[in-house]
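Report on the structure given below.
The values are calculated or read from the model by the stated rules, or taken from the named source; none is laboratory data. Small disclaimer: the values here were computed from a predicted structure and weren't measured. Note: ideal-geometry Cβ built from the backbone for every residue, glycine included; neighbour counts use all protein chains shown.
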Amino acid sequence: MALFEVRDVSFDYGDKPLLSHVELKVNPGEHCALVGINGSGKSTLMQLLTGERHPDSGSVYWEPHVTYSYLDQHLQIDMDQKAEEYFYGVYANLFEKEKEMERLYMEASSGAPGFEKLLNKAERIGNELLEADFYSLQAKVGNVVDGLGFRKEDLEKPLRLLSPGMREKAYLSKMLLEERDVLLMDEPTNFLDPVQVAYLAQYLKSYPKAFLLISHDEAFLKEVADVVFYLRGGKVSRYKGTFEHFLTQKEIDLAQAEKDYLAQQRYIKKEEAFIAAHIVRATSAKAAKSRRARLAHLERLEAPSKEGGEVHFRFPYSKDTGRDVLVVENLEIGYDSPLLSPITLNIPSGSKVALLGHNGVGKTTFLRTILSQIPALSGNFYFHENADILYFEQQGNLDLDMTPFEYIRSLYPDFDNTKVRSLLGSVGVRSQTAMRPFRALSGGEIAKTKLAPLTQEKSNLLLLDEPTNHLDQKAKDALFEAIDAYPGTVILVCHEKDFAEDIIDMELRFS
């Protein structure tokens, strides 16, 4: 019996259908991936599963007593609790049981009347704790948080003081520790380095229960998925087997769909020609009317279309910056105390530089420091006098009630409606998507919108902090080509090894 089912669900945002008569179910123990291009409706479907949104028609049914955890792209949480408290909060009921057991033993030891009854109750609670593996919790929590890259000092910080990437990993860690019947995950590998992605893949492969995840990381999906749900054109197709099997079978199915459509079009054209030629002839009018009736009841196939629109990025270049665009001398970065040893480096003009290191080590803090968004603790840095800097930040303070159209218009008030739509369309944000609030969009659509202004401003130094997060493969390929063609300097933070290693010519490792 399925853990949950999506039954004939349709959903739209009022401008164009997004999901149309979707059917989907996940059975116990299935490890499922939900894939499709940016904007196809994957995150919306997840929100329908959790009840954050409601279908226009159809239903979502969960079996009674099935539990789930949900990792979304914009999780809201109490930021003042320490990370360690956040993790151990998963087991709050067990700690309460331990306190109750200790209270019962203390009361029984005082010789109070009925002490045997108290001892028996305390013993029952102790057995429950043993069955729940309570006394191995420290090792269990340690295994997960170590695997996802937390250090001891990270555990002692309030969540609000962790880097954005570390907070995302905190949410993921808690989810894994909860061990619910179903894990629902939206882009869980964002902000994970290759070692941590490998850990998560191994954890999920051995997870005895079910999960459904969204990811554009094909290498990761090849490791973890044994069922693939492919969302295209508002409908979901189910593929049982590995992700490699899905990729092969998808191409076969698309080719067959094209073949079937063309064959039906030839049949329709032939029948219409016969009807037109014979409908007025007394000897063959009956046959023509019969064929016309058959055509009227024919279920017509939709023309297969290319998935999504084109995506183009181009970063205009301004002017040369001499030999070095950035010089850093004994720079200490951090907030209350230094995150790293003093940094000294030169960035040659025209180089493509990757900042490497685990989450929370200070890569984003370094970028924000040299942009003077936060003060340096000590040391100096100098940009070439001709430096024209553009910055793509990992997590900006977007007004989630604003639409992409309004966002671009706020940056470029002189743009007319056509130019705003043209700019968004060029980076793959479709016209109907441009008029929806950010809170209704996928992470990929938000990322494309934030990249759009970089294509309008001349620069010679791009600071890109995790620009590939949430992007589908078509958008990543377009971004790669734009960076590769850019004659200026690029300082890149990116955890996608395959993307970064093929484009950079210099590595700076923070540790």
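The table below lists the values:
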{"item": "Residue check, TYR91 touching a strand residue (DSSP E or B) at 6+ places or on another chain (Cβ under 8 Å), surrounded by 13 or more Cβ atoms within 10 Å (Cβ to Cβ) and not polar (S, T, N, Q)", "result": "no"}
{"item": "Selection status of ASN330, surrounded by fewer than 19 Cβ atoms within 10 Å (Cβ to Cβ), assigned to a loop (DSSP other than H, G, I, E, B), out of contact with any helix residue (DSSP H, G or I) (no Cβ under 7 Å at 6 or more places or on another chain) and assigned by TED's automatic domain parsing to the domain that holds CYS494", "result": "no"}
{"item": "Search result, residues across the stretch 191-208 that are crowded, with 17+ Cβ neighbours inside 10 Å and part of a helix (DSSP H, G or I)", "result": "GLN196, VAL197, TYR199, LEU200, ALA201, LEU204"}
{"item": "Residue within the stretch 440-453 that is modelled with pLDDT under 95 and farther than 29 Å from ALA500 by Cα present", "result": "yes"}
{"item": "Single residue of ASP260, ASP226, ASP217 found to be of a type outside the set (A, V, I, L, M, F, W, C), outside the structural domain of GLY165 (by TED's automatic domain parsing) and under 18 Å from the mean Cα position of the chain (by Cα)", "result": "ASP217"}
{"item": "Residue in the stretch 229-239 that is among the polar types (S, T, N, Q) and either at pLDDT 90 or above or on the phi > 0 side of the Ramachandran plot (or both) present", "result": "yes"}
{"item": "Extreme residue, farthest from the chain's Cα centre (by Cα), among residues of the stretch 181-200 that are within 30 Å of PRO64 (Cα to Cα) and acidic (Asp, Glu)", "result": "ASP181"}
{"item": "Restricting the stretch 1-35 to residues that are assigned to a loop (DSSP other than H, G, I, E, B) and over 25 Å from ASP181 (Cβ atoms), the residue that is modelled with the highest pLDDT", "result": "TYR13"}
{"item": "Hits in the stretch 286-304 - residues which are assigned to a helix (DSSP H, G or I) and either farther than 22 Å from LYS259 by Cβ or of a type outside the set (A, V, I, L, M) (or both)", "result": "LYS286, ALA287, ALA288, LYS289, SER290, ARG291, ARG292, ALA293, ARG294, ALA296"}
{"item": "Matching strands (runs of 3 or more DSSP E) fully within the stretch 209-285 where at least 1 residues are more than 22 Å from THR50 (Cβ to Cβ) and either free of Cβ contacts under 8 Å to residues at least 40 places away in the same chain or of a type outside the set (Val, Ile, Thr) (or both)", "result": "227-232, 235-240"}
{"item": "Qualifying residues in the stretch 125-150 (those that are part of a loop (DSSP other than H, G, I, E, B) and either at positive phi or at pLDDT 85 or above (or both)) - the one nearest to the chain's Cα centre (by Cα)", "result": "LEU148"}
{"item": "Candidate set from the stretch 23-42 (those that are in contact with a helix residue (DSSP H, G or I) (Cβ under 7 Å, 6 or more places away or on another chain) and not aliphatic (A, V, I, L, M)); member that is farthest from ALA219 (Cα to Cα)", "result": "GLY39"}
{"item": "Residue check, LEU454 assigned to a helix (DSSP H, G or I) and closer than 28 Å to LEU339 by Cβ", "result": "yes"}
{"item": "Any hit, the stretch 162-171, residues being among the charged types (D, E, K, R) and farther than 27 Å from PRO338 by Cα", "result": "no"}
{"item": "Verdict on VAL325 being hydrophobic (A, V, I, L, M, F, W, C), in a loop (DSSP other than H, G, I, E, B), buried (at least 16 other Cβ atoms within 10 Å of the Cβ) and in contact with a Gly (Cβ under 9 Å, 6 or more places away or on another chain)", "result": "no"}
{"item": "Counted residues, the stretch 439-455 - those being touching a residue at least 60 places away in the same chain (Cβ under 8 Å) and either closer than 9 Å to VAL429 by Cβ or among the polar types (S, T, N, Q) (or both)", "result": "5"}
{"item": "Every residue from the stretch 77-124 that is assigned to a loop (DSSP other than H, G, I, E, B) and either in contact (Cβ under 8 Å) with a residue 24 or more places away in the chain or at positive phi (or both)", "result": "ILE77, ASP78, MET79, ASP80, GLN81, GLY111, GLY114"}
{"item": "Residue selected from the stretch 125-159 under the condition among the aromatic types (Phe, Trp, Tyr) and touching a residue at least 40 places away in the same chain (Cβ under 8 Å), by the criterion farthest from LEU94 (Cα to Cα)", "result": "PHE150"}
{"item": "Residue match in the stretch 144-164 (condition: under 30 Å from LEU48 (Cα atoms) and either assigned by TED's automatic domain parsing to the domain that holds LYS25 or among the polar types (S, T, N, Q) (or both))", "result": "yes"}
{"item": "Candidates LEU247, LEU254, LEU262, LEU301 - the one that is over 30 Å from GLU5 (Cα atoms), out of contact with any strand residue (DSSP E or B) (no Cβ under 8 Å at 6 or more places or on another chain) and not polar (S, T, N, Q)", "result": "LEU262"}
{"item": "Unmet criterion (only one of (1) surrounded by 11 or more Cβ atoms within 10 Å (Cβ to Cβ); (2) more than 41 Å from the chain's Cα centre (by Cα)) for LEU339", "result": "(2)"}
{"item": "Residue match in the stretch 464-479 (condition: more than 21 Å from the chain's Cα centre (by Cα) and aliphatic (A, V, I, L, M))", "result": "no"}
{"item": "Checklist (1) within 30 Å of GLY360 (Cα to Cα); (2) touching a Gly at 6+ places or on another chain (Cβ under 6 Å) applied to VAL311, failing item", "result": "(1)"}
